[in-house]
Amino acid sequence: MITAILTMVFSWCLFSGQLPDSLLVPLCVLLGVLIAFVSRYGHSQSLSVDVLAQMSRLRTVNPMLKFWILFILMIVCIASANVYTGLFLLVAMLVMAVFVGGLPLSRYIRVLALPVSFLMIGGLALLFEISPSSMGVLNIPVPVFGFWLSVSAETQARTALVVAHALGAVSCLCLISLSTPMPDIISVLRRMRCPSVVIDLMYLIYRYIFILLTLHREMRVAAQSRLGFRSYRTSLRATGMIYSNLLARSYQFASKNYDAMESRCCDTGIRFLERPNRISLTHAMVAAALLAAALVLCFLPL
Amino acid sequence: MSELLRVEHISYRYDDVYTALKDVSVSFMKGELVAILGSNGAGKSTFFLCCNGVLRPHEGRIFYQGQEISKSRKHNLMLRQGVGLVFQDPDSQIIAGNVESEVSFGPMNLRLPADEVGRRVDKALAQMSIERYRDYAPQYLSGGEKKRVSIADILAMQPAMILLDEPTASLDPQNSDALEGVLSELNREGITIVISTHDVDFAYRIAQRVIVFAQGEIIANAAADEVFASDEMLKRAGLKKPLLYEAFESLQQRFGNLESERKPRSIEEFRTLLENARPAF
């Protein structure tokens, strides 16, 4: 809901003076309503990204290809001097994730909504500047000090560029995290000669996030079923006990896990068999087409 | 049958205070299927960790294929490769982010070439019939599926002997039956299987030999029928007789000599026995 209101305010500020009011107001309202409608389920769980990544049809694409092409696209987007590269990537990534990857549109937008709302708050700060007169497109008087907070065409252009850069880059990041499960990303990092200690830790942390989360959920439910959260006082107590228990259990788990690794002859580092799919011609061509389009937009004198 | 693993007088203490194993001696033959019974805290898990070389017993010696296991790294690796250990809780064993990587972890540690690792992984997945979960992340598998993954983990290392710590503890009856089938199948292929459990019915059904632990000691080590005949020993171990064993005993007491070459181990055997029996009413 907050995102929806934010979208309305931000788009109004960004486009006011550039579009006639008769077009601007419905556009802002439409954007807001659309976002409110898509995110009406509210509870996007923090790990839904992992579930979505496992689900995506783009998962079988060679992770090295995905990683590099999106990395390069991101750089092209940030280096570009116009807003179109960013907007193109926003749309292209949405198409890739939703229509090629097979994710539900609403889930994709919900994942994107969080970084985008931060982006819009930052954008608002960029839009307004202090000016001594009401020369801007949009002016808010500050009564006591006698100056205006105003939005000018110049700040609008500047903000549009920054926001477009960020939208494009965030879209690229979203696509990689929604199409590549963490272990694949870790294996790409390993092949890029990331230190093996870091890689081992990443594997273990990824695995343990789920183990500890499950443990925590179980303990919470157990506490709830014994009325542990009936009042503020008991909630504090129960939460404290759950976390101290979680610490103790994670130590136990770690030592068991270490035994299990030892029993399977693990003595240096964690290594798994990697059998990534070959880069197919179609995938390479799609990647090249995306890159070409982004480069053309980037260098086009618009 | 040749001897595969022998432990002689091993003892183990946790933190030098709590004695988990006291003077345990036992040996396992090639191709055997043995059940280890004992109540909670009887020392079964510690025994397994010692057999696999993760824990080093404070006293005693371990022989693998006639070779005494010294402290050297080479011997330790030999023991860990030859004697696989499936942990009770699959979650404490599984470390990878997907099933295929998980199963490859053991063979990778054996420093095998990648194509050999691939072959072993495929074979182990097929043996446990979990090929379709190849790309699944462990957090989205059910308990029974995770158990299969944890066994495939060990199979991929191609051990001569597999120790399973309470494999049926958290499985539903259907998964438990499936597991029983898999274990018998592996045993037929010549792998020595040792299962720790406190499910006496399961042990009676599947095991050729039964070893009973109580307070860190072995108090019985014989054929299943022999072990379950001793009331006093079972009481000491905190165990009960298998239901079928007791049912057969009661029938025999009531109707006299039932004709059977051996006591029925499964419900099918029991039914066949009843059909063929001509009790003297």
Using every pair of alpha-carbon atoms in the range A:191-296, split the distances into 10 Å bins beginning at 0 and state the percent of pairs per bin, rounded to integers. 11, 25, 21, 18, 16, 9, 0
Compare each residue of the range B:136-150 in its chain alone against the assembly with all protein chains, and report those whose accessible area goes down by 50 Å² or more; 1.4 Å probe, heavy atoms. B:139, B:140
Which entries of B:30/B:240; B:71/B:241; B:147/B:241; B:22/B:146; B:74/B:240; B:123/B:241 show an alpha-carbon separation above 31 angstrom in the structure shown? B:71/B:241; B:22/B:146; B:74/B:240; B:123/B:241
Tell me the carbon and sulfur percent of the accessible area for chain A, rounded to whole percent, probe radius 1.4 Å. 71
Could the peptides B:208-214, B:233-239, B:70-76 be put in order, highest first, of the mean number of other beta-carbon atoms found within 10 Å of their residues? B:208-214, B:233-239, B:70-76
Probe 1.4 Å, heavy atoms of protein chains only: per residue, the accessible area of the range B:134-206 in Å² is 34
What ³J(HN,Hα) values, in whole Hz, does the Karplus curve 6.51 cos²θ - 1.76 cosθ + 1.60 give for the range B:143-152 when θ = phi - 60°, with x put for Gly and Pro? x, x, 5, 5, 4, 4, 4, 5, 6, 4
Mean projection area, nm², convex hull over Cα of chain B: 16.3
Tell me the carbon and sulfur percent of the accessible area for chain B, rounded to whole percent, probe radius 1.4 Å. 47
Are there any trypsin sites (Lys or Arg not before Pro) in the range A:220-254 that are in a DSSP loop and have at most 11 other Cβ atoms within 10 Å? List them by number. A:226, A:230
Shape descriptor, chain A: equivalent ellipsoid semi-axes (Cα gyration tensor, sqrt 5λ, whole Å, largest first) stand at 42, 30, 17
On alpha carbon coordinates alone, what is the Rg over Rh value for the protein assembly as shown, Rh being the Kirkwood radius? 1.12
Would you tell me the mean number of C-beta atoms belonging to other protein chains that fall within 10 Å of each C-beta in A:253-260, as a whole number? 5
Looking at chain B, identify the longest residue range that excludes and avoids all GluC sites (Glu not before Pro) in DSSP loops having at most 12 other Cβ atoms within 10 Å. B:1-188
DSSP-assigned coil residues among chymotrypsin sites (Phe, Trp or Tyr not before Pro) in the range A:110-214, each with at most 16 further Cβ atoms within 10 Å: A:145
Give or take rounding to whole Å, what are the principal axis extents of the alpha carbon atoms in the range B:53-101, in descending order? 37, 20, 16
Once A and B are treated as a pair rather than alone, how much accessible area drops out, both sides summed, in Å² to 100, probe 1.4 Å? 3200
Phi to ³J(HN,Hα) by Karplus 6.51 cos²θ - 1.76 cosθ + 1.60 over the range B:107-117, Hz, x for Gly, Pro: x, 4, 5, 7, 6, 8, x, 4, 5, 5, 4
Interface residues of the range B:95-123, defined as losing at least 30 Å² of accessible area versus the chain alone with a 1.4 Å probe, are B:95, B:97, B:100, B:101, B:105, B:108, B:109, B:111
Between the residues B:130, A:227, A:197, the Cα farthest towards the positive end of the dipole of the protein assembly as shown, that dipole coming from +1 and -1 charges on the beta-carbon of Lys, Arg, Asp and Glu, is from A:197
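The values are calculated or read from the model by the stated rules, or taken from the named source; none is laboratory data. Bear in mind that the values here come from a model prediction, so they are computed numbers and not experimental data. Positions of Cβ are generated from backbone atoms using ideal geometry, with glycine treated the same way; all protein chains shown enter the neighbour counts. Surface areas here come from the heavy atoms of the whole protein model, side chains and all, with no ligands, DNA or RNA. Shrake-Rupley method; radii C 1.70, N 1.55, O 1.52, S 1.80 Å.
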